[in-house]
There are 2 protein chains.
Amino acid sequence: MKKYLEMTLAERQAEYAAVKAQYDGLKALGLQLNMARGKPGTEQLDMVTDMFTLMLKPEDFVDIDGTETRNYGELAGLPSARALFADILGCRVSQVFVGGNASLQLMYDAIAKAYTHGMLHSEKPWSKLEKVKWLCPAPGYDRHFLISQSFGMELITVPMTEEGPDMDMVEELVKDPAVKGMWNVPKYSNPEGIIYSDAVIHRMANLSPAAPDFMLMWDNAYCIHEFEGGFVPFADILSLCEEAGHADMVYEFASTSKVTLPGSGVGIMACSEANMAHFLSLITVQTIGFDKVNQLRHVKYLKNKEGALALMARHATVLAPKFHAVLDALDREIAPLEIASYRRPTGGYFVSLDAMPGTAKRTLALCKEAGVTMTGAGATFPYGIDPNDSNIRIAPTLPPVAELEQAIEVLCSCLKLAALEKLGV
Amino acid sequence: MKKYLEMTLAERQAEYAAVKAQYDGLKALGLQLNMARGKPGTEQLDMVTDMFTLMLKPEDFVDIDGTETRNYGELAGLPSARALFADILGCRVSQVFVGGNASLQLMYDAIAKAYTHGMLHSEKPWSKLEKVKWLCPAPGYDRHFLISQSFGMELITVPMTEEGPDMDMVEELVKDPAVKGMWNVPKYSNPEGIIYSDAVIHRMANLSPAAPDFMLMWDNAYCIHEFEGGFVPFADILSLCEEAGHADMVYEFASTSKVTLPGSGVGIMACSEANMAHFLSLITVQTIGFDKVNQLRHVKYLKNKEGALALMARHATVLAPKFHAVLDALDREIAPLEIASYRRPTGGYFVSLDAMPGTAKRTLALCKEAGVTMTGAGATFPYGIDPNDSNIRIAPTLPPVAELEQAIEVLCSCLKLAALEKLGV
């Protein structure tokens, strides 16, 4: 295959006609495929559904320490569930808060409380401040950016490197006292699948922000989510920040949305004991406690870190073929043309692709026309605006492999058409 | 028995010695009893635990309309769960939001969003206002008052009458544009068990607050919670407000915490479709959706209003003897002495007792000394301050009847001792 940039106009026109015919053929199939969100597939849901058989009789609902999960109480979470997630995250039990079915809600609530009440080291609630700025490594997770945007923050884009966010830039930016926090997905970043290097993590823990209440948001969403190769150990950011003398700077999050079930998993926040005491003093006004029955169900099902890793290995057997279907198609159809670059993640839920600048929107519009829904162009950047109109987030986990192969075929055709249109046909 | 007020000093001294001996005997038993919170007893928890046997196989988790409950989605709640609670509350399905395990969280979040973002008709977020005032019918629910207090509102006490809050006062107070809302527990009010009269409800729906974003918080926590007599129908406040031309003024709440399980029930908010659209536009930033598996479990278990009422009749068989144990003891031990008045609720979770003014704190301190934990004195008033130091909330639902009889015996002794101390011994 000839690279598109090296083609003559006539060659591009011929190629366009051929790809267009293929695209029209796919479009005529009336497909309805979705690669938009990081949703597990039905096979994964079925795989864990036996967790619901673990608690049936009244005595199953009393934890080993005697805690009655069916009644009110235990604001910070069921003690055995806190212990389970401390084991997985490598932190202390006293640092773990176990919530409801969404870690996103805990992130939102942590920031909302900074606005309404202020965090431990806040001079006043952020709602009383003129301006709050927030660091957003990009490409990144659209729902993170949306939380910050929703509170009226000024979002500052920090470019991602192979090793994580550009730390020279971060260290400079945090000198501004209006910069109150930063989003991070340190392992298998969304969407690029980058694992922050030890050097980046070290510099992150050693940040000295001017804002006394700077929130290092550490969304460890994919902490045990390898689909290829074995488990990759990760550093306990809480200890690192503590050693650096900034124990109260970091808020870590995780969930079982992609371990057990997105609809009824368990969300976790981990932070210093001092932050925990402050957070509990605020959240006790909001709730008497989250669903402890579901928390105990997770304890009985996952047991410990080892049990969780064993389950993740089973998920990997479902996920790996899906990621390979995507990467194989891109390798075959796109790589030789040199119209896009993409990463080869070994964990997480996404493949991040950078199309020829100025063609992402057009590519996704063509996909939509042919019945393939993708994450909206620009979604991976603050304010939903990709300055290069280039990044495309591929979420290959929901469709069965056969459908996925069709969907990625559509995507490849669309990438080609958009590139050829850009080059002129 | 002679009324305490009619006793001579010598008679009071003799009575004090006799009651003190009885109290010391009870104290020596080393009791550890709790009548502090409205928690269901173990018998009630066990009664509903078979709900967990309804969803075991993968196909059980797909709703009748095809909705997959185990995956992400359905921000406003599972459609069939919205329909179930619309049936129970008598409103439209489109008015119902089904959340996580706590309606308190939905109340908090609604108010939090007024502060951070503003409600539908707000001129600006409440955090930008100088002063927010809030109406608190008292005696009332301490957790309601705490939410308002936590946001720095000025709490205005509205006295309760036999028919509900003093509406003359309410109608006057809402002329102040700084008055932004009001708490209500319209059926079996916490703690008094009062059912708002039709006249009060009519005046409430026809309020014309000066604040365009006034929030009539309608916590219908005990909407189907009769323990004596049959189900008492209640008006749909949403329709009434709509008819009065104030559809967006009211936010109704309910939960299954005391229908199924406090630890893993389902919380509901109901509001106008316009409010719903606004709320969804805000809460979509906070979460992708609450636990739909648990929502479907409730649909399968309760089925409809009729099914819920049948279950409540079973709860009543457990609860009625507990309330009778309390009321019988009070009738026997306290009523003849004329040192306290109390109500005879037929639903809800509490008995409200007004002790001789100036003796509530002392009574509860004596209870605590003897191993009986009660809701703190003053808790039923804004800022935790009962101006008369008189109201005591009795929560008789948690202890088994035998323990309850001991606990109420302790309480009766303490009421007597505190009254005698007050009168002089």
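The values are calculated or read from the model by the stated rules, or taken from the named source; none is laboratory data. Computed from a prediction, not measured in an experiment: that's the story for all the values here. Glycine gets a Cβ as well: all are built from the backbone with ideal geometry, and neighbour counts include every protein chain shown. Heavy atoms of the whole protein, side chains included, go into the accessibility calculation; ligands, DNA and RNA do not. Shrake-Rupley method; radii C 1.70, N 1.55, O 1.52, S 1.80 Å.
Expressed in nm to one decimal, what extension gain is obtained for the pair A:N206 and A:Q22 from 0.36 nm per residue of sequence separation less their Cα-Cα distance? Please list the in-between numbers first.
Values: separation 184, 0.36 × 184 = 66.24 nm, distance 5.33 nm.
Answer, rounded to one decimal: 60.9 nm.
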| message | To check my understanding: the extent here is largest minus smallest coordinate of the Cα atoms along each principal axis. What are those three numbers for segment A:58-204, in Å, largest first? | response | 55, 37, 25
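Provide A:D24, A:D386, B:D198 ordered by accessible surface of protein heavy atoms (probe 1.4 Å), highest first.
Numbers: A:D24 60, A:D386 20, B:D198 130 Å².
Largest accessible area first, the residues go B:D198, A:D24, A:D386.
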| request: Within segment A:200-223, find all residues whose amide N lies under 19 Å from a label point positioned 7 Å from the Cα of A:A274 along Cα-to-beta-carbon. | output: A:205-218
| said: Nothing charged except the Cβ atoms of Lys and Arg (+1) and of Asp and Glu (-1): what's the magnitude of the dipole of segment A:81-178 about its Cα centre? Round to the nearest 20 debye. | reply: 640 debye
| task | Please work out how much accessible surface B:V185 shows to a 1.4 Å probe, ignoring ligands, DNA and RNA, in Å² rounded to 10. | result | 10 Å²
| request: For chain A, with all protein chains present and a 1.4 Å probe, just round the carbon and sulfur fraction of the accessible area to a whole percent. | output: 54 percent
| message | So, taking all protein chains as they sit and a 1.4 Å probe, how much accessible area belongs to A:H121, in Å² rounded to tens? | response | 90 Å²
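Give the percent of DSSP beta bridges with both residues in chain B that are antiparallel, rounded to the nearest 5. List each step's numbers first, then the result.
Working: 18 of 38 bridges.
Given both bridge residues lie in chain B, the antiparallel proportion sits at roughly 45 percent.
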| query | So which lysines can A:K3 reach, going by Cα to Cα under 23 Å and dropping same-chain residues fewer than 8 places off? | reply | A:K20, A:K361, A:K416, A:K422
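With a 1.4 Å probe and all protein chains in place, put B:H246, A:H225 in order of accessible area, largest first. Each step should come with its number before you reach the end.
Numbers: B:H246 50, A:H225 5 Å².
Ranked from most to least accessible, the order is B:H246, A:H225.
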| What's the local net charge at B:E242, with K and R +1, D and E -1, over the other residues with C-beta under 15 Å away? | -4
| request: Taking amide H positions as placed in the peptide plane 1.01 Å from N, state which residues far from A:T373 in sequence (5 or more) or on other chains have amide H under 5 Å from it. | output: A:L33, A:N34, A:M35
| query | Looking at B:V293, B:H324, B:A313, which one has the Cα that reaches farthest to the positive end of the dipole of segment B:286-329 (charges on Cβ: Lys, Arg +1; Asp, Glu -1)? | reply | B:V293
| task | Using only protein heavy atoms and a 1.4 Å probe, report how much of A:M169 is accessible, in Å² to the nearest 10. | result | 60 Å²
| remark: Result for interface chain B to chain A, accessible surface buried in total, 1.4 Å probe, Å² to 100, stands at 4600 Å²
| said: What number comes out for accessible area per residue over segment A:259-415 if the probe is 1.4 Å? Units Å², please. | reply: 31 Å²
| request: May I ask for the distance between the Cα centers of segment A:107-169 and segment B:325-394, given as a whole number of Å? | output: 48 Å
| remark: Comparing each residue of segment B:101-148 in the complete protein assembly with the chain by itself (heavy atoms, probe 1.4 Å, ligands and nucleic acids ignored), those losing at least 40 Å² of accessible area are B:N101, B:L104, B:Q105, B:Y108, B:T116, B:H117, B:S127, B:R143
| query | What's the Kirkwood radius of chain B in Å, using all Cα pairs? | reply | 22.8 Å
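Working out 0.36 nm times the residue gap between B:K303 and B:L75, then minus their Cα-Cα distance, what length gain in nm do you get to one decimal?
Working: separation 228, 0.36 × 228 = 82.08 nm, distance 2.13 nm.
Contour length minus Cα-Cα distance gives 79.9 nm.
Using the Cβ atoms and a cut-off under 9 Å, what net charge is assigned to the surroundings of B:T67, where Lys and Arg are +1 and Asp and Glu are -1?
Numbers: positive: B:K292; negative: B:D63, B:D65, B:E68, B:E74.
After counting each charged neighbour, the total is -3.
Just add up the charged neighbours of A:A419: K/R +1, D/E -1, any other residue whose Cβ is under 14 Å from the Cβ of A:A419. All intermediate terms of the calculation are to be shown ahead of the outcome.
On the way: positive: A:K2, A:K3, A:R12, A:K20, A:K361, A:R362, A:K416, A:K422; negative: A:E6, A:E11, A:E15, A:E333, A:E338, A:D354, A:D389, A:E421.
That sum, taken over residues with Cβ under 14 Å, equals 0.
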| Sites A:E421 and A:M1 - FRET efficiency at Förster radius 22 Å, r taken between beta-carbons, to 0.05 | 0.75
| message | Which lysines, if any, have their Cα less than 30 Å from the Cα of B:K300, not counting same-chain residues under 8 positions apart? | response | A:K39, A:K57, A:K258, A:K292, A:K300, A:K303, B:K39, B:K57, B:K187, B:K258, B:K292, B:K322
| field | Residue closest to axis [chain B; rotation mapping onto A; Cβ; Å] | value | B:S127, 2
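Students sometimes get this wrong: rank B:D168, A:D248 by accessible area, probe 1.4 Å, all chains present, largest first. Present the calculation step by step, with values, prior to reporting the outcome.
Working: B:D168 105, A:D248 40 Å².
If we order B:D168, A:D248 from most to least accessible, we get B:D168, A:D248.
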| For the protein assembly as shown, share of DSSP beta bridges that run antiparallel, in % to the nearest 5 | 50 percent
| field | Using a 7 Å Cα-to-Cβ projection, B:K368 label spacings across copies, nm, ascending | value | 6.2
| field | Label-to-label distance, nm, for residues given as A:A313 and A:T161 (7 Å Cα→Cβ offset) | value | 3.6 nm
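Between rounded, prolate and oblate, where does segment A:278-392 land on the alpha carbon gyration tensor, with a ≥ b ≥ c its root eigenvalues, rounded for a/c under 1.5, else prolate if a/b exceeds b/c? Please report the intermediate quantities before stating the final value.
Details: a/c = 3.08, a/b = 1.64, b/c = 1.87.
Oblate shape, in that a/c is at least 1.5 and b/c is the bigger or equal ratio.
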| Other-chain or far-sequence residues with amide H under 5 Å of B:M215's (modelled H) | B:G181, B:M182
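Report the longest stretch of chain B that contains none of the GluC sites (Glu not before Pro) sitting in a DSSP loop with at most 16 other Cβ atoms within 10 Å. Before the final figure, lay out each step's value.
Values: sites that count: B:E123, B:E130, B:E162, B:E163, B:E228, B:E338.
Result, exposed sites excluded: B:1-122.
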| field | Three-way shape label, segment A:136-280, alpha-carbon gyration tensor, a/c 1.5 | value | rounded
| query | Could you state the number of Å between the C-alpha centres of segment B:7-83 and segment B:87-102? | reply | 22 Å
| query | How would you classify segment A:38-132 from its alpha-carbon gyration tensor, with a ≥ b ≥ c the square roots of the eigenvalues: rounded for a/c under 1.5, else prolate if a/b is greater than b/c, otherwise oblate? | reply | prolate
| remark: Rounded to 0.05, the calculated FRET efficiency for the beta carbons of B:D198 and A:E130 at R₀ = 45 Å is 0.35
| Selection of trypsin sites (Lys or Arg not before Pro), segment B:73-164, meeting DSSP coil and at most 14 other Cβ within 10 Å | B:K131
| query | Pick from A:F253, A:F97, A:F231: which residue has the top mean-square fluctuation in a GNM of chain A where Cα pairs under 10 Å get a spring? | reply | A:F231
